[in-house]
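Handing you a structure now.
Since every read-out is calculated from the coordinates, none of them should be taken as a lab result. All values derive from a computational prediction rather than experimental measurement. Note that we place each Cβ from the backbone using ideal geometry, even for glycine, and neighbour counts take in every protein chain shown.
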Amino acid sequence: MHLYTTCDLTFEITVPTPFVLMLRPRSGAQQWIVSEKYIIIPRKSVSEFTDTYGNLCQRLIAPPGIFSINTGAEVILADSVDRARDAPFVEIQNLPDEVLLYLLPSRYCETEHFGRMAADITEGQRPGYNQVAAIEAWVRKNIRFESCGDDSPVSATEVNSRQWGVCRDLSHLAIALCRSLSIPARMVVGYLYDLHPMDLHAWFEAYLAGRWYTFDATQSEVKGGYVVLGYGRDAADVAVYNQFGPAAYPTTQRVRVEQIDDE
């Protein structure tokens, strides 16, 4: 699949404001970045670093006035998402060191509250992929997905209590359920081709049989077209922008994902 993604953000800044952005996808096992554009107006000095989770992050100070960010990326990725029924659970002692942190409770994924619930949801399932697929299906069936909602992330416990949420909220609950079974799980943020309505999207991955697999409780069918911007323990780690100072929310936010016809 050959896609072109764009994300345009505009802010009204009142005082010089430090930003950390996470808007550059990087090439990896599941996607290849053919080309990029990254335009900041007014032009500012930008530095880039790789965070704890391997995400490309940009630092800058936005000046007072209208501040805009325009990004685009040409991406090649598989036409479908790998599914692997019966892929086995990886015992803790055999997990890579860098995967271990995805077993732990985090700000929005209170793993300690979901042990009995996860056991009930996955009863009779083979440990590993089948358990995660059962969790994905349970969240899809029982938690109402809202494409628009509160901008503030809520925890897995809150999502389970109120029984609805946006994409990141459903992912929080699924991640907490997976971790309570000692299955490493992480939040992913990025773009999804043919998402309606189009916007930035969040889903989750679980580590099984020595690799990460994609799951998405918001979609009736998990197909190809997932473009990754960042990975983290939960929403606190994968914000596409963090600004420090007086609150500044985007006055405009436009996201597009278009398929490119290969000739």
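In whole Hz and in residue order, list the ³J(HN,Hα) couplings for segment 155-166 that follow from phi through the Karplus curve 6.51 cos²θ - 1.76 cosθ + 1.60, θ = phi - 60°; x for Gly and Pro.
Listing the rounded values in order: 7, 4, 4, 5, 4, 5, 6, 8, 6, 7, x, 7 Hz.
Let me ask another. From Cα coordinates alone, what are the radius of gyration and Dmax values for segment 92-223 in angstrom?
When restricted to Cα atoms, segment 92-223 yields Rg and Dmax of 13.8, 42 Å.
Based on the Cβ-Cβ distance of Glu98 and Tyr241, what FRET efficiency does E = 1/(1 + (r/R0)^6) give at R0 = 25 Å, to the nearest 0.05?
0.50
Which value in Å is the Kirkwood Rh of the chain over different Cα pairs?
19.1 Å
So, in Å, what gap is there between the alpha-carbon centers of segment 164-206 and segment 223-262?
13 Å
Just to confirm the filter: which GluC sites (Glu not before Pro) across segment 1-106 are DSSP coil and have at most 16 other Cβ within 10 angstrom of their Cβ?
Glu91
Now for a different question. If you take the beta carbon distance between Lys141 and Asp261 as r and set R0 to 41 Å, what does 1/(1 + (r/R0)^6) give as a FRET efficiency, to the nearest 0.05?
0.65
Using the alpha-carbon atoms, what tilt in degrees (0 to 90, nearest 10) does helix 167-180 show relative to the longest principal axis of the chain?
40 degrees
Please state, rounded to one decimal and in Å, the Kirkwood hydrodynamic radius that segment 150-198 gives when every pair of distinct Cα atoms enters the mean of 1/r.
That comes to 11.9 Å for segment 150-198.
Roughly what angle does helix 129-142 make with the longest principal axis of the chain, taking Cα atoms, 0 to 90 degrees, to the nearest 10?
Between the helix axis and the principal axis of the chain, the angle is about 70 degrees.
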